[in-house]
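Peer 1: Once you've had a glance at the structure underneath, I'll fire off some questions.
The values are calculated or read from the model by the stated rules, or taken from the named source; none is laboratory data. What you see is a predicted model; the values in this text were computed from it and never measured. We place every Cβ from the backbone using ideal geometry, glycine too, and count neighbours over all the protein chains shown.
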Amino acid sequence: MFSFFKKKTPPPAPVEPAKEEPALPVAGTTVETAPQAAPATPLEPPAVAVAAAPEPVVTPEPAPVESAPAKKPSWTERLKAGLSKTRDKLGKSLAGLFGGGQIDEDLYEELETVLLTADMGVPATTGLLKDVRERVTLKGLKDASELKGALKESLHELIAPLEAPLSVEGRKPFVIMMAGVNGAGKTTSIGKLAKYYQSQGKSVLLAAGDTFRAAAREQLIAWGERNNVTVIAQQGGDAAAVCFDAIQAAQARGIDIVLADTAGRLPTQLHLMEEIKKVKRVIQKAIPDAPHEIMLVLDANIGQNAINQVKAFDDALGLTGLVLTKLDGTAKGGVIAAIAKERPVPLRFVGVGESIDDLRPFDARGYVDALFD
Ligand SMILES: Nc1nc2c(ncn2[C@@H]2O[C@H](COP(=O)(O)OP(=O)(O)O)[C@@H](O)[C@H]2O)c(=O)[nH]1
Ligand SMILES: [Mg+2]
């Protein structure tokens, strides 16, 4: 099941980037997990497949659990359920506001507090209030019950530009590089995205670019085996080399999409930010216009911190897209409005759970409806 390519090259260059990286930065031993001849049922937990791995397989994170196949709730229902905490917080306060009575300054003040509490941030909140006021004046609204519609429209207008679905057409392979802090959901999202694209008939290859922790590599390898996806990994290699190898393998095999995992890092860890810039540069050596997508994965629970992360990673890498995970279980779903206002990088996907289909393209209207209705 495994094939090993031993590459007799000198040890890896130090992480500190030289001005010019070698054309072919290979190091360590490339481990490739080929798809199994008889594919396991997608999403089923691994049976014995992982036992054949060259090292003991560590499963650091719980495997995605498939929700009951019988009556699976629709995505809208799951989005709504996922956003329930944000909605509870917002909705409870808003229900009081929209209950009736006059639209007056007190009401606007309360609305301001509610929006700030949902982590929309000051700039977005100020902008939304101004917009709502204009709508109220324009339409001659008097009653507080009419305010909800105005707010929904304002919010939709604000976040609609974030709805820009990722097109993976026109490039082969289309290279997607993931970035983000530890635990944001990068590896999990790669698994979900691999399934998402496979279900659209695309072939996918994964690059185990989180080379800092052996467990991270094993997590991706185990996932790939379970789901019949090739994973390119290296023992003792560096992330740039793994990604380079993965792209070459994808080119050789006519693979449609390469999903490159990377180690978690904080934007304040400058040496690690340099390291991920190097990963990007080395990917460019394999394909000059790659990576075609640089995605920052954000945990919605971090609320307003998301803005700082988006700005820092965008400044360092030039982000082309975002994934917002864990909208379930957070009351901070309003952070989408803050991103739209302060650094509008397209929000490609949102995650509302650990199950494999809990990641979907962002739909601004669906989000607003799930929040208010
Ligand atoms: N509830 C929930 N958990 C998630 C979501 N996305 C990822 N996770 C969990 O977050 C944890 C960290 O994910 P992981 O992909 O390993 O993060 P990484 O360090 O960025 O690669 C795991 O337990 C995942 O199952 C999501 O959308 N909702
Ligand atoms: Mg990871």
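Peer 1: Given the condition within 16 Å of ligand 1 (Cβ to nearest atom) and outside any helix (DSSP H, G or I), answer yes or no: does some residue in the stretch 124-143 qualify? It would help to see each step written out before you state the result.
Peer 2: First pass over the stretch 124-143, keeping only residues within 16 Å of ligand 1 (Cβ to nearest atom): none.
No, the stretch 124-143 has no match at all.
Peer 1: Also: Out of all the residues in the stretch 243-275, which are touching a residue at least 24 places away in the same chain (Cβ under 8 Å), within 16 Å of ligand 2 (Cβ to nearest atom) and surrounded by fewer than 24 Cβ atoms within 10 Å (Cβ to Cβ)?
Peer 2: A263, G264, R265, L266, E275
Peer 1: Just wondering, is there one or more residues in the stretch 207-216 that are in a loop (DSSP other than H, G, I, E, B), without any contact (Cβ under 8 Å) to a residue 24 or more places away in the chain, more than 9 Å from ligand 2 (Cβ to nearest atom) and small (G, A, S)? Spell out the reasoning first.
Peer 2: In the first step, residues of the stretch 207-216 are kept if they are in a loop (DSSP other than H, G, I, E, B); the result is 208-213.
Those left that are additionally without any contact (Cβ under 8 Å) to a residue 24 or more places away in the chain: none.
Scanning the stretch 207-216 turns up no residue that is in a loop (DSSP other than H, G, I, E, B), without any contact (Cβ under 8 Å) to a residue 24 or more places away in the chain, more than 9 Å from ligand 2 (Cβ to nearest atom) and small (G, A, S).
Peer 1: Could you list, ordered by first residue, the pairs with Cβ atoms under 9 Å in which the first is in the stretch 179-201 and under 26 Å from Q269 (Cα atoms) and part of a strand (DSSP E or B) and the second is charged (D, E, K, R) and near ligand 2 (Cβ under 8 Å from one of its atoms), at least 6 apart or interchain?
Peer 2: If the second residue must be charged (D, E, K, R) and near ligand 2 (Cβ under 8 Å from one of its atoms), the pairs left are A179/K186.
Peer 1: I need the full set of residues from the stretch 274-311 which are in a helix (DSSP H, G or I) and either closer than 19 Å to A124 by Cβ or under 15 Å from the mean Cα position of the chain (by Cα) (or both), in order please. Spell out how you get there, then give the answer.
Peer 2: Of the residues in the stretch 274-311, the ones in a helix (DSSP H, G or I) are 274-286, 300-302, 305-311.
Within the stretch 274-311, A300, N301, I302, N305, A306, I307, N308, Q309, V310, K311 meet the criteria.
Peer 1: To continue, here is another question. Filter the stretch 81-111 down to the residues that are exposed (fewer than 11 other Cβ atoms within 10 Å of the Cβ) and touching a residue at least 40 places away in the same chain (Cβ under 8 Å), then identify the one that is nearest to G353 (Cα to Cα).
Peer 2: G99
Residue-by-condition table, conditions (1) within 24 Å of D315 (Cα to Cα); (2) at pLDDT 95 or above:
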site: G224; (1), (2): no, no
site: I232; (1), (2): no, yes
site: D238; (1), (2): yes, no
site: Q248; (1), (2): no, yes
site: D256; (1), (2): no, yes
site: L259; (1), (2): yes, yes
site: Q269; (1), (2): yes, no
site: K285; (1), (2): yes, yes
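Peer 1: Oh, and also: Taking the options S67, S84, name whichever one is at pLDDT below 90 and closer than 22 Å to G191 by Cα. First the steps, then the outcome.
Peer 2: Details: S84 fails: closer than 22 Å to G191 by Cα.
Within the list S67, S84, the selection yields S67.
Peer 1: I've got another one for you. So, in the stretch 107-136, exactly how many residues are hydroxyl-bearing (S, T, Y) and modelled with pLDDT of 95 or more? I'd like the intermediate steps shown before the answer.
Peer 2: Going through the stretch 107-136, the residues hydroxyl-bearing (S, T, Y) turn out to be 108, 113, 117, 125-126.
Those still in the list that are modelled with pLDDT of 95 or more too: 125-126.
Residues meeting the conditions: 2.
Peer 1: Just to verify a result, which residue in the stretch 199-224, among those that are in contact with a strand residue (DSSP E or B) (Cβ under 6 Å, 6 or more places away or on another chain) and not aliphatic (A, V, I, L, M), is surrounded by the most Cβ atoms within 10 Å (Cβ to Cβ)?
Peer 2: Going through the qualifying residues, I end up with G209.
Peer 1: How many residues does the stretch 225-244 hold that are farther than 23 Å from A290 by Cα and not acidic (D, E)?
Peer 2: Step one: filter the stretch 225-244 for residues farther than 23 Å from A290 by Cα, giving 225-228, 235-236.
Filter once more, keeping what is not acidic (D, E): 226-228, 235-236.
Summing the residues that are farther than 23 Å from A290 by Cα and not acidic (D, E) in the stretch 225-244 gives 5.
Peer 1: What number of residues in the stretch 302-331 are within 13 Å of ligand 1 (Cβ to nearest atom), out of contact with any strand residue (DSSP E or B) (no Cβ under 9 Å at 6 or more places or on another chain) and either at negative phi or at pLDDT 90 or above (or both)?
Peer 2: 1
Peer 1: Only one of (1) surrounded by fewer than 24 Cβ atoms within 10 Å (Cβ to Cβ); (2) in contact (Cβ under 8 Å) with a residue 40 or more places away in the chain; (3) part of a loop (DSSP other than H, G, I, E, B); (4) not hydroxyl-bearing (S, T, Y) fails for A316. Which number is that?
Peer 2: If we test A316 against (1) surrounded by fewer than 24 Cβ atoms within 10 Å (Cβ to Cβ); (2) in contact (Cβ under 8 Å) with a residue 40 or more places away in the chain; (3) part of a loop (DSSP other than H, G, I, E, B); (4) not hydroxyl-bearing (S, T, Y), just (3) comes out false.
Peer 1: Given (1) of a type in the set (D, E, K, R); (2) at pLDDT 95 or above; (3) touching an Asp or Glu at 6+ places or on another chain (Cβ under 7 Å), where does K280 come up short, assuming only one miss?
Peer 2: It is condition (3) that K280 fails.
Peer 1: Sticking with this structure for a sec: Quick check: anything in the stretch 88-105 assigned to a helix (DSSP H, G or I), among the hydroxyl-bearing types (S, T, Y) and within 19 Å of A306 (Cβ to Cβ)? Even if it seems obvious, please write down each step before you answer.
Peer 2: Taking the stretch 88-105 as the starting set, the residues that turn out to be assigned to a helix (DSSP H, G or I) are 88-98, 105.
Pick out the ones that are also among the hydroxyl-bearing types (S, T, Y) and you get 93.
So of that shortlist, the ones also within 19 Å of A306 (Cβ to Cβ) come out as none.
No; the residues of the stretch 88-105 include none that is assigned to a helix (DSSP H, G or I), among the hydroxyl-bearing types (S, T, Y) and within 19 Å of A306 (Cβ to Cβ).
Peer 1: Continuing with the same structure: State the number of residues belonging to the stretch 240-273 that are in a loop (DSSP other than H, G, I, E, B) and farther than 28 Å from G183 by Cβ. Let's see the steps before the verdict.
Peer 2: Initial filter on the stretch 240-273 (in a loop (DSSP other than H, G, I, E, B)): 254-256, 261-269.
Restricting the remaining residues to those that are farther than 28 Å from G183 by Cβ gives 254-256.
Number satisfying all stated conditions: 3.
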